[in-house]
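Notes for the one structure printed next.
Just so it is clear, none of the values below were taken in a lab; they were calculated from the coordinates. It should be emphasised that the depicted structure is a prediction, and the values quoted were computed from it without experimental measurement. In this analysis, Cβ positions are derived from the backbone assuming ideal geometry, glycine residues included, and neighbour counts consider all displayed protein chains.
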Amino acid sequence: MTSSPGRQNRQPSKHLAQAIVSQLVADIRASGWVDGMNLGSEAELIQRFGVGRNVLREATRILQQQGIARMQMGRGGGLVVTSPEATSTAHAIEMYLASRNVSSQHVLEAKREVELTCVRLAARRTNELWANRLRKAVALERETPSEKVREIGPNNVHIIIAEMTGNPALILFIEALIHLSATYVAQEAAEMRAHNTYAAHARIAEAVARGDEEAAVREMAAHLDQVAAEILGTDPDVK
């Protein structure tokens, strides 16, 4: 482990706290990110980094906010490693993009590319269990009341397809992009095109379930282009 950033640098407290965060994250990653691993008590960490209690507590706050570690009180307590939750991380990405005023066109372009990658991989990796889950999701969607069509949960066809890739990064990106793109669709508009959405999802799900990569990509692209056209007011046939 490296020596104290506090002793070597007289940066403002915020920069010192961030330096401690960076070092602790490096330690966590080097150790294999063991959930529950104790990084040391508050007193031990203060001594290690040569900083005051306020600086260390700011570093702890950052780590806790990011879902990386939390300070556990009591006997045997200390700064304990945790695993960031995908949902909260996706929400953070969503909020960051929203705060940067990213345009709907940029979000939809990014979502299209990620979705097509996901559906391509899903079609290659499908099996009976995944096929059944996809078909069940489509059946549940058909029974969903129109006022709830915008709700995004574990039975969302797009999220299941992302999960089929087995790639945590793709799952995270899809979850963030789906939630963000949903903000561009008014409830009334979502209800009006619910039938078309269901039909498109059914075609995509069937193509993926039978492992037809070409058809799955074609159906997903057509669906995404239609949704983008409705949001942006463009012609889906003009690329």
Could you pull out every residue, at least 5 positions away or on a different chain, whose amide H is within less than 5 Å of the one on Gln72? Hs are placed 1.01 Å off N in the peptide plane, and Pro or chain starts have none. Gly78, Leu79, Val80
How large are Rg and Dmax for segment 86-232 when only the alpha carbon atoms are used, in Å? 14.3, 42
For segment 5-81, compute Rh as the Kirkwood radius over C-alpha pairs and then the Stokes-Einstein diffusion coefficient at 4 °C and 1.567 mPa s; write the answer in µm²/s, rounded to an integer. 105 µm²/s
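Based on the Cβ-Cβ distance from Trp33 to Leu129, what FRET efficiency comes out when R0 is 22 Å, to the nearest 0.05? Don't skip to the end; give the middle numbers.
On the way: r = 28 Å, r/R0 = 1.28.
Working from the Cβ atoms, E equals 0.20.
Kindly rank 123-129, 42-48 from highest to lowest mean number of other beta carbons found within 10 Å of each residue. Please report the intermediate quantities before stating the final value.
Numbers: 123-129: 13.7, 42-48: 15.6.
Those peptides, ordered most packed to least, come out 42-48, 123-129.
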Relative contact order %, segment 56-164, counting alpha carbon pairs below 8 Å whose residues are six or more apart: 18 percent
With θ set to phi - 60° and the Karplus curve 6.51 cos²θ - 1.76 cosθ + 1.60, what are the ³J(HN,Hα) couplings of segment 210-227 in order, to the nearest whole Hz, using x for Gly and Pro? 8, x, 8, 4, 4, 5, 4, 5, 4, 5, 5, 4, 5, 5, 5, 5, 5, 4
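Applying 1/(1 + (r/R0)^6) with R0 = 35 Å to the Cβ-Cβ distance of Glu143 and Gln64, what FRET efficiency is obtained, to the nearest 0.05? Display every interim value, and only then the final one.
Details: r = 40 Å, r/R0 = 1.15.
It comes out at approximately 0.30.
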Given R₀ = 41 Å, FRET efficiency for Asp212-Gln72 by Cβ-Cβ distance, to 0.05? 0.25
Can you tell me the relative contact order of segment 5-81? Whole percent, Cα pairs under 8 Å, sequence separation 6 or more. 37 percent
